[in-house]
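First up is the structure itself, then whatever we jot down about it.
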Ligand SMILES: CC(C)(COP(=O)(O)OP(=O)(O)OC[C@H]1O[C@@H](n2cnc3c(N)ncnc32)[C@H](O)[C@@H]1OP(=O)(O)O)[C@@H](O)C(=O)NCCC(=O)NCCS
């Protein structure tokens, strides 16, 4: 790694970043106690005219070559003018260009919106969750690599959104009916209620691809998707986060159905259930969504949108 030069990164607009001596840096609110006073810290005062508006500190942990940790703080009266973002950005650039860092990171409480926004403006992306970070509030791990696109570019904006927008869990299941209208239902190893075949959609996988894959893995059958019978939003339930269920009408060749090979790790047995057998063995929300989807298929009214298996009240 290159040695730190003695000049400070440029800020512009009549404001300056002034290098501070190790040990003279006040402890920023947002960080792990104590680290700013050690000798591996590059700290900069943000001077706004005659005032010291705040501080940005970059610590280079001894055992993590090429990585730096950021903390920053403004005096309350200096906030609200965009000072922090430009100072942070200048120090990040300094870390990559002059100090030869390959990665700069920060830890911020999930509720600290000004810190999250200023970090984003300096090109740091959300990377993960630090559970129980401070006072029972989770934290966010933020990071930028020297190879990441410049803040302000389209690529940087998309990458930041990808890292910070919510991702919704998707589930893909199959309605497979026999000539009598009975549904193929799985008796599972890991939970009591019987369920429709299918499972969780993998990252970067489409729901339709997922249902075909799941049927192949769980039952050893080759399925073909005919239509999307229902979409049902599943609210959070018994510790599970909310999810969106895609319920597909699926056909399976009779020969495959006659030679089902159960994935024994997950499936104990399969059953063809009429409505009353389904109601006896499946969870209420499964019964609701299956009934609504079958009714829509029989009426030919197209995909039905449900919330928790019920038609929503608009
Ligand atoms: C983090 C800090 C430096 C930000 O400075 P700031 O001057 O408040 O920043 P800005 O005024 O540029 O605001 C940044 C963003 O937060 C938003 N914001 C500011 N105060 C807010 C508040 N109380 N509630 C919600 N949003 C707020 C602003 O609207 C802005 O968002 P935008 O870019 O979408 O418009 C300052 O709040 C601070 O010193 N906090 C305490 C120390 C700290 O938490 N450090 C960070 C981790 S080490």
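Annotations for the structure displayed:
- Residue check for residue 153: more than 16 Å from the chain's Cα centre (by Cα) and either more than 16 Å from the ligand (Cβ to nearest atom) or surrounded by fewer than 17 Cβ atoms within 10 Å (Cβ to Cβ) (or both): yes
- For residue 218, the conditions (1) more than 30 Å from residue 232 (Cα to Cα); (2) in a helix (DSSP H, G or I) are fulfilled apart from (1).
- Residue that is within 16 Å of the ligand (Cβ to nearest atom), buried (at least 17 other Cβ atoms within 10 Å of the Cβ), assigned by TED's automatic domain parsing to the domain that holds residue 55 and more than 20 Å from the chain's Cα centre (by Cα), where the choices are 122, 115, 106: 122
- Region 83-103, residues that are buried (at least 18 other Cβ atoms within 10 Å of the Cβ) and in a loop (DSSP other than H, G, I, E, B): 99, 101
- Residue match in region 198-219 (condition: in contact with a strand residue (DSSP E or B) (Cβ under 6 Å, 6 or more places away or on another chain), surrounded by fewer than 17 Cβ atoms within 10 Å (Cβ to Cβ) and more than 21 Å from residue 308 (Cα to Cα)): no
- Filter pass, residue 229 being assigned to a strand (DSSP E or B) and more than 16 Å from the ligand (Cβ to nearest atom): yes
- Residue match in region 134-146 (condition: surrounded by 15 or more Cβ atoms within 10 Å (Cβ to Cβ), in contact with a strand residue (DSSP E or B) (Cβ under 7 Å, 6 or more places away or on another chain), closer than 16 Å to residue 73 by Cβ and not assigned by TED's automatic domain parsing to the domain that holds residue 244): yes
- Residue in region 165-183 that is within 16 Å of the ligand (Cβ to nearest atom) and without any contact (Cβ under 8 Å) to a residue 40 or more places away in the chain present: yes
- Selection from region 185-194 of residues that are farther than 11 Å from residue 269 by Cα and in contact (Cβ under 8 Å) with a residue 12 or more places away in the chain: 190, 193
- Put simply, of 275, 284, 308 the only residue that is surrounded by fewer than 15 Cβ atoms within 10 Å (Cβ to Cβ) and either under 13 Å from residue 182 (Cβ atoms) or in contact with a helix residue (DSSP H, G or I) (Cβ under 9 Å, 6 or more places away or on another chain) (or both) is 275.
- Scanning region 39-82 for residues that are more than 8 Å from the ligand (Cβ to nearest atom) and either within 32 Å of the chain's Cα centre (by Cα) or outside any loop (DSSP other than H, G, I, E, B) (or both) yields a total of 27.
The values are calculated or read from the model by the stated rules, or taken from the named source; none is laboratory data. Just so it is clear, the structure is predicted and the values come from calculations on it, not from any experiment. Cβ: placed from backbone, ideal geometry, glycine included. Neighbour counts: every protein chain shown.
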